[in-house]
Amino acid sequence: MTEQTTPQPRANVGKIPAYVPGKPPVPRAGLTTYKLSSNENPYPPLSGVVEAAMGVVGQMNRYPDMGCTDLYAALAEHFDVPVEDLSAATGSVALIYQILQAFCDPGDEVVYAWRSFEAYPIAVTAAAATSVQVPVTATGEHDLDAMAEAITDRTKVVIVCTPNNPTGPAVTQTALLGFLAKVPSHVLVILDEAYVEFVRMDDAVDGLAVYREHANVVVTRTFSKAYGLANFRVGYAVARAPLAGALRAVSLPFGVSGVAQAAAIASLQAEEHLLARVESLVAERKRVVDGVRAAGWDIPDAQGNFIWFALGDRTADFAAAADEVGIVVRPFAGEGARVSIGEPEANDRLIDLAGSFRR
Ligand SMILES: *Cc1c(COP(=O)(O)O)cnc(C)c1O
């Protein structure tokens with residue numbers, strides 16, 4: 001018999017790094033355990049959101065509105081942008097995939113900071129593009145000068161993650177505008193603002209103002225973090241119509257489910273409730289950052305709903321010690337651990353752990 005050949009994926013597929021999801025908590029007798037490993041919102045859904053989603057559950061035999069008409073209308077009104085400048089998808093991760101799919105040919109370069117969001121190298125490799133990773137500074141910040149210098153004739157896309165997951169700092173508007181002035185106009189810049197609602201700093205980035213001034217910028221945002229809809233998978237991009245249109249063109253038909261669309265619209269309407277919640281998470285973040293620093297740790301500025309411990313080869317020990325006290329953190333082997341701001345009790349345990357862990 002002749003030897004059988006099997007279908008082979010493209011060569012890049014075998015090189016796609018695995019996504020390491022945050023572990024669920026390990027149950028411990030007599031101890032409530034908390035998941036601080038995925039930057040989730042610890043609060044239950046915003047008011048009116050469950051009801052809005054439930055209102056659509058009975059129509060699960062029907063496809064959702066493929067055009068996301070009501071969601072686009074709600075986003076357009078909320079942010080005062082034209083509907084043509086919006087693109088919704090199953091989480092902002094999907095939008096990043098779509099941008100790379102729509103704009104990169106095999107071998108094109110994508111410049112981004114590293115360490116940053118772990119989905120970037122996965123998405124870039126899946127698109128058969130080439131990652132150009134520019135190390136973050138010692139304080140976990142984007143090195144925008146080095147990123148500008150890393151742009152070559154092959155560069156198609158640059159990603160700016162602000163605040164940066166997992167290290168925490170955000171770029172300033174002044175620094176961003178200075179950077180954009182150096183980026184050629186044919187290079188697309190993704191401004192990944194997954195944590196924008198949590199930013200509290202001087203000279204904060206105004207992503208929508210940046211999109212209005214720059215025809216090569218795509219702002220991506222999500223309902224997963226501040227809005228607490230991680231399970232429903234809905235994010236959106238804001239960009240000039242030709243870019244947003246390209247993203248819509250490559251989107252998965254009927255990707256955003258009806259329950260997700262309804263929940264996202266209701267979430268936008270619950271803005272007051274949302275802001276109160278975000279405010280309390282920001283207050284908890286300050287309490288945790290202050291507590292951890294008071295325990296002697298030198299941690300970077302935290303502008304998202306998480307903090308970063310640069311632990312190097314003590315990372316696994318720290319993650320194990322956290323498990324022992326019933327909090328699950330997200331270790332990055334040999335580099336550090338990212339810990340989400342969670343319930344006050346979980347945050348208390350983290351502060352205690354920071355005090356007792358022998359570095
Ligand atoms: C969580 C996150 C996202 C968005 O995730 P989705 O759930 O897919 O919307 C995007 N970028 C960064 C940096 C994130 O941390």
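The values are calculated or read from the model by the stated rules, or taken from the named source; none is laboratory data. This one's a predicted model, so the numbers in the text were calculated from it and none came from an experiment. Here the Cβ positions follow ideal geometry from the backbone for every residue, glycine too, while neighbour counts run over all protein chains shown. Note: accessible area is taken over every heavy atom of the protein model, side chains too, but ligands, DNA and RNA are not part of it. Shrake-Rupley method; radii C 1.70, N 1.55, O 1.52, S 1.80 Å.
Observations on the structure shown:
- Sequence-separation-based contact order of the range 48-170, relative, with Cα cut under 8 Å and 6+ spacing, percent: 22 percent
- Qualifying lysines (Cα of each under 20 Å from Cα of Lys286; at least 8 residues distant if same chain): Lys35, Lys225
- Computed over protein heavy atoms with a 1.4 Å probe, the accessible surface of the chain works out to 45 Å² per residue.
- Dipole magnitude of the chain, debye to nearest 20 (Cβ charges: Lys/Arg +1, Asp/Glu -1, about Cα centre): 760 debye
- ³J(HN,Hα), Karplus 6.51/-1.76/1.60, whole Hz, each residue of the range 96-111, x for Gly, Pro: 5, 4, 5, 4, 5, 5, 7, 10, 9, 8, x, x, 5, 9, 10, 9
- With helices as the sole contributors, the chain gives -11000 deg cm²/dmol at 222 nm; each DSSP H run of n ≥ 4 counts as -39500 (n - 2.57), and the sum is divided by every residue.
- Cα centroids of the range 174-229 and the range 113-146: 16 Å apart.
- The simple Förster model, with R0 at 45 Å and r as the Cβ-Cβ distance, assigns Leu275 and Ala29 a FRET efficiency of 0.70.
- Nearby aspartates and glutamates by direct alpha-carbon distance to Lys15 (threshold 18 angstrom, same-chain neighbours under 8 apart not counted): Asp105, Asp108, Glu109, Glu118
- Spacing of the two label points (7 Å from each Cα toward its C-beta) at Glu3 and Ala230, in nm: 4.6 nm
- Kirkwood Rh, Cα atoms: Rg over Rh of the chain: 0.97
- Here the contact order of the chain, divided by its residue count and restricted to Cα pairs under 8 Å and six or more residues apart, works out to 24 percent.
- Set of the range 112-152 residues, backbone N closer than 17 Å to the point 7 Å along the Cα-Cβ line of Ala316: none
- Label-to-label distance, nm, for residues given as Ala333 and Phe254 (7 Å Cα→Cβ offset): 4.0 nm
- Per-residue Karplus couplings for the range 163-170, computed as 6.51 cos²θ - 1.76 cosθ + 1.60 with θ equal to phi - 60°, are listed in order as x, 7, 8, x, 7, x, x, 10 Hz, Gly and Pro entered as x.
- Paramagnetic reach from Tyr63 in the range 230-270 [backbone N under 14 Å; point 7 Å along Cα→Cβ]: 251-258
- Cα-derived Rg to Rh of the range 112-256, Kirkwood definition: 0.93
- Using θ = phi - 60° and Karplus 6.51 cos²θ - 1.76 cosθ + 1.60, couplings along the range 129-140 (whole Hz; Gly, Pro as x): 8, 10, 6, 10, 9, 10, x, 6, 6, 4, 9, x
- Glu197, Glu149, ranked by accessible area, largest first (probe 1.4 Å): Glu149, Glu197
- When Arg358, Arg154, Arg248, Arg277 are compared by accessible area of protein heavy atoms, the largest-first order is Arg358, Arg154, Arg248, Arg277, using a 1.4 Å probe.
- By the rule of a C-alpha distance below 19 Å, with chain neighbours fewer than 8 residues away ignored, the lysines paired with Lys182 are Lys156.
- Close amide H contacts of Ile327 (hydrogens built in the peptide plane, cut-off under 5 Å, sequence separation of 5 or more or a different chain): Tyr34.
- Carbon/sulfur fraction of accessible area - the range 93-174, other protein chains in place, 1.4 Å, %: 50 percent
- Potential lengthening of the chain between Asp301 and Asp145 amounts to 54.2 nm, from the contour at 0.36 nm per residue minus the alpha-carbon distance.
- Estimated FRET transfer efficiency (Ala241, Thr174; beta-carbon r; R0 35 Å; 0.05): 0.80
- Label point distance in nm, Thr137-Glu84, each placed 7 Å from Cα along Cα→Cβ: 4.0 nm
- Given their separation in residues at 0.36 nm each and the Cα-Cα distance between them, Asp202 and Val20 gain 62.2 nm when the chain is fully extended.
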